[in-house]
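Participant: For reference, the structure I am asking about is given below.
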Amino acid sequence: MDSAAVDGLASEAGLAFADAYTVTAHLGDGATARVFEAVRRDGGAGAGHDSRCALKLAERSTRAILRRESLLLRQLSGHPHVTRWLGWFASSTAVGLLLELAPGGDCQQLLQRHGAFAESAVRRMFGQLCAALGHLRAHEIVHRDIKLENLLCCDARQGGDPARLVLCDFGHACSVADAREDREFFGTPGYAPPEVTCGPCWSYAADIFSAGVVMYALL
């Protein structure tokens, strides 16, 4: 799957992706999708339009996973610490989820570039993550893959500290009711609590445990 796959993508309203956006860079790869930077051809003219976005592109065979993520992000839209949903596109061979771009990279990359953060910075970052998890809980959703790589830096303070973090990658997220019935392991070893790795047994508490691992790793 490469950037050429965007040629046939269209929104549910019939807007051709290639008419509105240009893919400018490859940002990274996940288990089932590739992420590209996309720039609006009109420069982002108009209210609510980002000039630069992130396109999560996957093969049509994984449509159900990416579509579920798209629906969850639309449901969670509007929170400053949850990655912003911008659009859904599909073709006969590929699907694409358009998201807010985080130019600062993820927290794992920040650690590699700058080393451990000061306690005051970690306190602020952890507070933002907890705010995002509180928003998920208000919508009865569990993320199930909280980790450094899924926390993105959208705005940076002087010295490299992230001013605004957003939680991303909702590919394993679901309602807490569905999660409690699920007996399959999701997530990343090292971040998951014992009841998940040995059970698994999913709950809001599992996300909180993973958030604690993130906080420890940042220090």
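None of the figures in this text is laboratory data; all of them are computed from the coordinates on show. The structure presented is a predicted model; accordingly, all values stated were derived computationally and were not measured. Heads up, the Cβs are rebuilt from the backbone with ideal geometry, glycines too, and the neighbour counts pull from every protein chain shown.
Participant: Say R0 is 41 Å: what FRET efficiency, to the nearest 0.05, do R63 and A205 get from their beta-carbon distance?
Facilitator: Working from the Cβ atoms, E equals 0.85.
Participant: Given a Förster distance of 35 Å, report the FRET efficiency between C198 and H114 from their Cβ-Cβ distance, rounded to the nearest 0.05. Intermediate values should be presented prior to the final figure.
Facilitator: Details: r = 35 Å, r/R0 = 1.00.
So, using R0 = 35 Å, E works out to roughly 0.50.
Participant: Rounded to the nearest Å, what's the spacing between the alpha carbon centres of the stretch 166-211 and the stretch 70-95? Just the number, please.
Facilitator: So the separation of the two Cα centres works out to 21 Å.
Participant: Do you know the relative contact order of the chain, to the nearest whole percent, from alpha carbon pairs under 8 angstrom that are 6+ apart?
Facilitator: Over the chain, the number comes to 17 percent.
Participant: Sticking with this one: Please report, in debye to the nearest 20, how large the charge dipole of the stretch 3-100 is about its Cα centre when each Lys and Arg carries +1 at its beta carbon and each Asp and Glu carries -1 there.
Facilitator: Dipole of the stretch 3-100, to the nearest 20 debye: 220 debye.
Participant: Considering the dipole of the stretch 107-218 built from charges on the beta carbon (Lys and Arg +1, Asp and Glu -1) around the Cα centre, which of L133, A118, A205 is farthest to its positive end?
Facilitator: A118
Participant: Also: Taking the chain on its own, what percent of its Cα-Cα pair distances exceed 32 Å?
Facilitator: In whole percent, the share of Cα-Cα pairs in the chain beyond 32 Å is 18.
Participant: Okay, moving on. With r as the distance between the Cβ atoms of S175 and A18 and R0 = 25 Å, compute the FRET efficiency 1/(1 + (r/R0)^6) and round to 0.05.
Facilitator: 0.10
Participant: Moving on. Taking the chain as the reference, fit the longest principal axis to its C-alpha atoms, fit the long axis of helix 119-138 to the helix C-alpha atoms, and give the angle between the two in degrees, 0 to 90, nearest 10.
Facilitator: Relative to the chain, helix 119-138 is tipped by roughly 70 degrees.
Participant: Along the positive direction of the dipole of the stretch 3-100 (beta-carbon charges: Lys, Arg +1; Asp, Glu -1; about the Cα centre), which of L86, Q75, C53 reaches farthest?
Facilitator: Toward the positive end, the furthest listed residue is Q75.
Participant: I'd like the orientation of helix 204-218 relative to the chain: the angle between its Cα long axis and the longest Cα principal axis, in ° from 0 to 90, rounded to 10.
Facilitator: 90 degrees
Participant: Using only the alpha carbons of the stretch 107-218, determine the length spanned along each of the three principal axes and report them from longest to shortest in whole angstroms.
Facilitator: The principal-axis extents, from largest down, are 45, 26, 21 Å.
Participant: In debye, nearest 20: dipole of the chain around its Cα centre with unit charges on the Cβ of K, R (+) and D, E (-)?
Facilitator: 300 debye
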